[in-house]
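So the structure is just underneath, and the comments pick up after that.
The values are calculated or read from the model by the stated rules, or taken from the named source; none is laboratory data. Model, not experiment: these values are computed from the prediction. No Cβ is skipped: glycine too gets one built from the backbone with ideal geometry, and neighbour counts run over all protein chains shown.
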Amino acid sequence: MNAFAFVLCAWVFIGMELGLRDALALGPSRIAPSFVFCFLTFIAMLAPQPRPNWYALALGALMDLTFRIPLSDGAGTIVIIGPHALAYLLAVQLIVALRGIMIRRNPLTMGFLAMLGSIVAGVTLVGIYAIRISIGDQLALTPSQDLLPRLGSALYTGLMGVLLALALIPGAGLMGLQAQTAKRFARRM
């Protein structure tokens, strides 16, 4: 993937995440799509290894910098670098493992992989926050109450992935990604 295209697209998708996530949320339930994860799914579907891993760490670190966690004593918020990066890395590993058996140019594939990867990322985030709370961090999160909205957001992210795939997959060549796999046993015409 072209580095300039990645930086430009990452900037656009982080802007969409910060600007549209609350507007598209389903009421007070905190269920909202993740535009950044849809973009990461697109990269993981088409980029050669090990690039999706590095992109997952970079996008995860950027999400960690923009995600503020409230403290339980009401003293404000805190930024923890690492949970999103690790969660995105694990999710990308699942997507890369499954992409070989999927039809890469189908928008439903991107939606399905975005949903599965987002479930893995959400469960990983809840697990990391539960571990941090159990060792004494004063985070105002309740892991048992945080899991259900994250799973709902994973379904919503899958739906958004289908819609975004309609724009991203045709533009894969412009970003330096190969949208189709080479046919190994096809004859040349």
Restricting to the stretch 1-42, count the residues that are free of Cβ contacts under 8 Å to residues at least 12 places away in the same chain and β-branched (Val, Ile, Thr).
2
Taking the conditions exactly as written (among the small types (Gly, Ala, Ser) and surrounded by fewer than 20 Cβ atoms within 10 Å (Cβ to Cβ)), does ALA58 satisfy them or not?
yes
Any chance the stretch 71-88 includes a residue that's part of a helix (DSSP H, G or I), out of contact with any Asp or Glu (no Cβ under 9 Å at 6 or more places or on another chain), closer than 19 Å to CYS9 by Cβ and at pLDDT 90 or above?
yes
Positions within the stretch 30-68 being closer than 20 Å to ILE128 by Cβ, in a helix (DSSP H, G or I) and touching a Lys or Arg at 6+ places or on another chain (Cβ under 8 Å), in sequence order:
none
Among the residues of the stretch 74-97 satisfying the criterion of being touching a residue at least 40 places away in the same chain (Cβ under 8 Å) and in contact with a strand residue (DSSP E or B) (Cβ under 7 Å, 6 or more places away or on another chain), which is nearest to GLN138 (Cα to Cα)?
ILE78
Conditions (1) in a helix (DSSP H, G or I); (2) crowded, with 18+ Cβ neighbours inside 10 Å -> ALA97 fails only (2)
Looking only at residues that are farther than 17 Å from THR142 by Cβ and touching a helix residue (DSSP H, G or I) at 6+ places or on another chain (Cβ under 8 Å) in the stretch 61-73, which one is surrounded by the fewest Cβ atoms within 10 Å (Cβ to Cβ)?
THR66
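Out of the residues in the stretch 11-30 meeting the condition of being aliphatic (A, V, I, L, M) and either surrounded by fewer than 16 Cβ atoms within 10 Å (Cβ to Cβ) or at pLDDT 95 or above (or both), tell me which one is farthest from GLY171 (Cα to Cα).
The qualifying residue farthest from GLY171 (Cα to Cα) is LEU26.
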Determine the pairs where a residue that is over 14 Å from PHE37 (Cβ atoms), located within the stretch 137-156, has a partner that is assigned to a helix (DSSP H, G or I) and of a type in the set (D, E, K, R) with Cβ atoms under 9 Å apart, the partner being 6 or more residues away or on another chain.
LEU139/ARG132; LEU141/ARG132
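Which one is nearest to GLY82 (Cα to Cα), of the residues in the stretch 100-142 that are of a type in the set (Val, Ile, Thr) and either part of a loop (DSSP other than H, G, I, E, B) or touching a His at 6+ places or on another chain (Cβ under 7 Å) (or both)?
Of everything passing the filter in the stretch 100-142, ILE135 is nearest to GLY82 (Cα to Cα).
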Out of curiosity, is VAL79 touching a Phe, Trp or Tyr at 6+ places or on another chain (Cβ under 9 Å) and buried (at least 18 other Cβ atoms within 10 Å of the Cβ)?
no
